[in-house]
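Okay, structure first, notes after.
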Amino acid sequence: MSARRVRAVPWRWYAAAALSVIGLAVSASSASAGMQPGNSYWENVQGGEAPSAFTTNIPYVAWRGEEIRAVKCTEDLLPWLDGVDGKSPLRLKQGNSLDVLVESWSGSNPGPQLESSTVDTFFWSRQLDLPCVRFDMVSSDAGLARVKLVVSDSDHNPIVKHQFLMIWLTLGNVAIDEVGNNDPSGGQPAGSDAAVGDPAGDGNLTAGSADGRIDVHVTGTFPHPLAPGGTFTLPNDWATIAGALATDNNPLDTNPAQQWDIHDGQGQEEGHVSGFCKTGVSPTAPPDAVDNCNGSNSDLGPFSNVFGQGVTAAGPFDPARPATLLANGNLDANDAPMPATRVDVSIAPNSGKAGDISGTGALEPTWKADVYSRDGNGGGSAHNLYAPYYEQFIPATSATDYGVSQASGIDGPAQGNNFVGFLFDGLYKNWQTYSLRSTQGVATQCDNQVGDPRYTPSGDQSVAVYTDEHGEAQVSYKPYAGGFYYDSLPVVLNRNGGCDLQGITTLGTASISAVARYPYQPVDANPVSTGAISKTVTNLFDKSLSYWPKGTGAANNNARIVVAHANDVDGSPYAGEKVCFYIAEQADGFQGYTGQAGPLNAPFWVGGGYARTEQGADICRTLDKNGNAAIEVFNSDPQVINVIANYVCEGLLRSIDVDFSQSGSSGGHVPGAAPQPTSAAGSGTPSASQINTQGAAAGVLSQAVKHKSAKKKARRISVAHIALRGGKRVLLVRVISTHKTEWIKIKVGKRTYRRHVRTNHLVKVANVALPSSGSVKVTLG
């Protein structure tokens, strides 16, 4: 289209006060000395100087509906201004004028408009003798504008001309993905803050895993006659656009497009040019890794660049803020200065209908400094932080380094008078979230322990996040956030209030999608939605029994170590929980056990300790920090001994048949391994006959106890040991006999006691004065 004069009047301008600097660290001046004839681009930019972005035409890029503040600083304005001595207002001299023209526009009419009240002049606070002009343009449509700034003298002769490129984008493709270890932003060390909970990236998580990560990438398009098919797409076509449109003020520069190299490459490749980096590197040819090669105390840097500088800043790239230049030496799609896009990420809510277990989990921030760090924790050690920026100003002109008046790019104010505008104002830490919808956990009928209900999910289920300069944003998915819809699961409830989750594979599901929105004001274009990705959260709940050989050889075959294990749905152990054991009366004996257990070639340690024996139980133990407790069962006959465990806090029961007929036999699964279904050995509940023949626990097992006949062997004492109960030493005895009672003799030092005891059960012998140390002798009689 033909050039259009937007405004041409004399202006009265006032200097802006310089504000504080938040951090510029450069190893040499960033002012351009100009390209020298006969040398390559890299020969000219090495040695501590970077080309000035004021002498080239790197485009400003915005979304439809956003204002772009353009800034031009040049000493050529000095002769035409009053007030340069700082004693009077800065303004054009009498008779001089300024024009802002839209020379061409590749989009639909009416094209960009000048916001005339924004035109101003000021001194660049980095060089107080360098005057600058600024103004705002806005467009509700997509396209590329060539905008001309013209300053003329009193005789109407133009004295300063500068051509800006301004691009307004229409939202293009919005892609959503579950980050796995093979994704470009995945693969952080296990256990780090950024470690992925879904290494395969297939949406399947265990409740106790690390958080899942949702990645969203946004592209934008604008019409242009030089584009194949009439439309350019950013960031993909950045290098192509640079090759077609880049210019600078050096007539001998044969490759001005290279000056559009403004960002890192997002990769972990190492290598640094000479100059700034001093730690653990040898100088190499470009590209530069752009990382905190010398270490840093902040995620603002300093970071290296291809000019041998160390720059400290927050994004976005701004030609008026030289410390934002992170050029690595490669011109590619990573250099496109994508404007911050608002992306709303949401979990589809649960319907509330019976059987619906969807809508689980919650969304929380993922920090870019963790994701794009080699240790996954965002630490400031040398070379750890790569692919900055980790923070950006929203809007761009809220940047406070050098002074607010100097910053250019997306302008504000952050909030509109009758529209939302930006949800954040000022320095934004990538990728902070803004809560849009949250849910509160509600108690379910499924108790974790008796009287301690489990809850439905809680936390943010819809959040807004802003993309970075590469068009990327991520959020964390926490699979275990508050709980699950337990009342919709096929749980088994007992009369104690216990809730048995054994054998349930899927705890919950989530359908997650995203919507990219024009971030500032309404425009005549719709938001763009993604498809949905699915999450499946797998249950880790396991309360089970296993048994293992005591060792090799015939003697050790007379014992088995029975291990009770318990962990919750997220894999966390029930440390300290009380477990009581009921051993079939055919057993020769039993005792509590602490030590090694498990497969002989891969043993594990079992701790735990004695717990007060419940009524009817043979022995009780507490679970150790790994959720394990063990007893040792003795038997010399080739038969099967059944063991029942009662997890007292919930009244959940498990049983296992301990096989003494097979040498070195074992059963159940290794504690902490994949949970077994209820039909698997050691994971199922005991049968009615087992309950009725192995004892009773008050309120849990049947009180109508009928005992099996004892073994047809000579009467004997199978257990006799001293235990500590309530701080006192007590004598526990078990007598095997065909009779219901037997007489025993207890010799303590020189004194002998005779007591009548019930047989085939572990009993406490009353009224025996036990010594504070040492042992006693127990015999029949």
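In table form, for the structure just shown:
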read-out	value
Extent along principal axes [Cα atoms of segment 368-501; Å; largest to smallest]	72, 47, 22
Total charge dipole magnitude, the chain, about the Cα centre, Cβ charges on Lys, Arg, Asp, Glu only, Debye to nearest 20	6640 debye
Filtered trypsin sites (Lys or Arg not before Pro), segment 597-645: DSSP coil and at most 16 other beta carbons within 10 Å	Arg612, Lys625
HN-Hα J in Hz across segment 160-169 - Karplus 6.51, -1.76, 1.60, θ = phi - 60°, x for Gly and Pro	9, 10, 9, 9, 9, 9, 10, 10, 10, 9
At 1.002 mPa s and 20 °C, Stokes diffusion of segment 553-642 via Kirkwood alpha-carbon radius, µm² per second	155 µm²/s
Computed helical MRE - 222 nm, the chain, DSSP H runs ≥ 4 contributing -39500 (n - 2.57), nearest 500	-500 deg cm²/dmol
Probe 1.4 Å - accessible area at Cys649, Å² to nearest ten	40 Å²
Rounded D (µm²/s) - segment 264-387, Kirkwood Rh over Cα pairs, Stokes-Einstein at 25 °C, 0.890 mPa s	149 µm²/s
Across the chain: Cys residues that no other cysteine approaches within a C-beta distance under 4.7 Å	Cys649
Ranking by accessible area, most exposed first, for Ser476, Ser274 with a 1.4 Å probe	Ser274, Ser476
Percent of Cα-Cα distances greater than 18 Å, calculated over segment 506-615	69 percent
Prolate/oblate/rounded call for segment 428-586, Cα gyration tensor, a/c under 1.5 rounded	prolate
Amide hydrogen neighbours beyond the local backbone of Leu130, cut-off 5 Å, H modeled	Trp124
Inverse mean reciprocal Cα-Cα distance (Kirkwood Rh) of segment 207-273, Å	15.6 Å
Solvent-accessible area, 1.4 Å probe, carbon plus sulfur percent, for the chain	49 percent
Positive-end residue, the chain charge dipole about Cα centroid, Cβ charges, pick of Leu78, Leu169, His761	His761
Segment 87-239, Cα convex hull volume normalised per residue, Å³	226 Å³
Rg over Rh [alpha-carbon atoms, Kirkwood Rh] for the chain	1.20
At most 13 other Cβ within 10 Å, DSSP loop - trypsin sites (Lys or Arg not before Pro), segment 398-498	Arg495
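The values are calculated or read from the model by the stated rules, or taken from the named source; none is laboratory data. Values in this document were obtained by computation on a predicted structure and should not be read as measured data. Neighbour counts run over all protein chains shown; Cβ positions are idealised from the backbone, glycine included. Quick note on the areas: whole protein, heavy atoms, side chains included, nothing else; ligands and nucleic acids left out. Shrake-Rupley method; radii C 1.70, N 1.55, O 1.52, S 1.80 Å.
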